[in-house]
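Trainee: One structure follows; several queries about it will come next.
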Amino acid sequence: MIYRFSLLSVVMLLAIAMVAPHAQAEDTFITIGTGNETGVYFPAGGAICRLVNRGRKEHGIRCAVESTGGSIFNLSAVNQHELDFGIAQSDWHYNAYKGQGLFSEQGPDASLRSVFSLHSEAFTVVVRADSAIRSFDDLKGKIVNVGSVGSGMRAMMQELLKAKGWSDASITMVDQVSTIDQAHELCGKKVEAIVFAAGHPNGSIQDVTSACASRIIPVDGPAIDALIKQHPYYALAIIPGGMYQGNSKDIKTFGVKATLITSEDTSDDAVYQVVKAVFDNFDSFKTLHFVFQTLSKDMMVKDGLIAPLHPGALRYYREVGLVK
């Protein structure tokens, strides 16, 4: 794989050089692979780098974000030492570490290490407010937009159906509705429910709940608990009440996690300083992007983390008592 810095990353590195012309030769530069510039991963990586760079005079580490194709690219690039860190969805994190799915040809990545998890990408089901659908079980026999074949939310739906003991035929699956058209399809009663896998708050869900009176239904219970136990890349999630019009109460569900990953070859000090920058400034970090609002330190050191913790991260967590 040939690795190319985006123009934005080059500009960021040049900006760092301009504001610090007397940088020492021993300064270390690190990059975090994120996603496209309109998604959540890119500003999430930027928030991490911002805090790391605040302390660069003390630790000599300079951080820049790289806009990439997302989880799969980041996992491969970290494996090949083309990126120091990457943000990856926890299910792809699992597949890379185990050598499954798209990573089956290259085999398990024993060098992959976890740093911490970030926001949940929650399985979210929206129905009209006047619908009789009150729980996931009420979707049986209904017309549901489940996402296109190969999408993350379609895969989550199929695993959930299996956990429930249902077949794909238990609901009428619609997969040709674009994100832009989902509000029209639901409000126009062409589908009875729409499914998202997303961090919250989410613009598409805001569009739907603003277009017509809508409700987010809970997705919890014994089948969900069993699904999480069977698939460690899933975790419980809460969609906070008041985030969307007409939805004043917290909603229980589940989902994957965005995770920060690295390689075992990344220096202990670099990983330690990245973790320290975020966790020592945790209240500030949570204000840097709206999806960080519900984060907790305890969950970030365990949820969705498939590969072993990097020793540099483990050192910090032990120092502050987050792990034994």
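Derivation of every value follows stated rules applied to the coordinates shown; laboratory data play no part. If you're wondering where the values come from, they're calculated on a predicted model, not measured in any experiment. Counting neighbours? That spans all protein chains shown, and the Cβs are built from the backbone with ideal geometry, glycine included.
Trainee: Net charge near PHE73: determine it from the other residues with C-beta under 10 Å of the C-beta of PHE73, scoring Lys and Arg +1 and Asp and Glu -1.
Mentor: Once all neighbours under 10 Å are counted, the net charge is -2.
Trainee: Which of HIS200, HIS184 has the fewest other C-beta atoms within 10 Å, and how do the rest follow up to the most?
Mentor: HIS184, HIS200
Trainee: In a Gaussian network model over the chain where Cα atoms closer than 10 Å are linked, find which of SER67, SER267, SER131 has the largest mean-square fluctuation.
Mentor: SER131
Trainee: Cβ under 15 Å from GLY99's Cβ, GLY99 left aside: what net charge do those residues give with Lys, Arg +1 and Asp, Glu -1?
Mentor: Counting the neighbours of GLY99, the net charge comes to -2.
Trainee: Just GLY60, GLY255, GLY141 to compare: in a GNM of the chain, with alpha carbon springs under 10 Å, which one fluctuates most?
Mentor: Fluctuation is largest for GLY141.
Trainee: Between ALA198, ALA155, ALA44, which gets the highest mean-square fluctuation from a Gaussian network model of the chain, Cα cutoff 10 Å?
Mentor: Fluctuation is largest for ALA155.
Trainee: I've got another one for you. Please sort through the DSSP H helices of the chain and keep those with an alpha-carbon extent of at least 15 Å along the long axis and a Kyte-Doolittle average not below 0.0.
Mentor: Those that clear 15 Å and a mean of 0.0 are 7-19, 41-54, 268-279.
Trainee: If N is the number of residues in region 65-207, what value comes out of its Cα radius of gyration divided by 2.2 N^0.38 Å?
Mentor: Rg over 2.2 N^0.38 Å, computed on Cα atoms: 1.22.
Trainee: Straight-line reach from LYS252: which lysines have a Cα under 28 Å away, not including same-chain ones fewer than 8 places off?
Mentor: Partners found: LYS140, LYS142, LYS162, LYS164, LYS189, LYS190, LYS229, LYS286, LYS297, LYS302.
Trainee: Sort out for me the Cα centre separation of region 242-274 from region 202-232, rounded to whole Å.
Mentor: 17 Å
Trainee: Continuing with the same structure: How are the C-alpha pair distances of the chain spread across 20 Å bins, as whole percents from the shortest bin up?
Mentor: Once binned at 20 Å, the Cα pair distances of the chain give 31, 54, 14, 0.
Trainee: Around PHE85, under 11 Å between beta carbons, what's the net of Lys plus Arg minus Asp minus Glu among the other residues?
Mentor: Residues close to PHE85 contribute a combined charge of -1.
Trainee: List the residues whose amide H sits under 5 Å from the amide H of ARG128, counting only those 5 or more places along or on another chain, with H placed 1.01 Å from N in the peptide plane.
Mentor: Correct list: ARG215.
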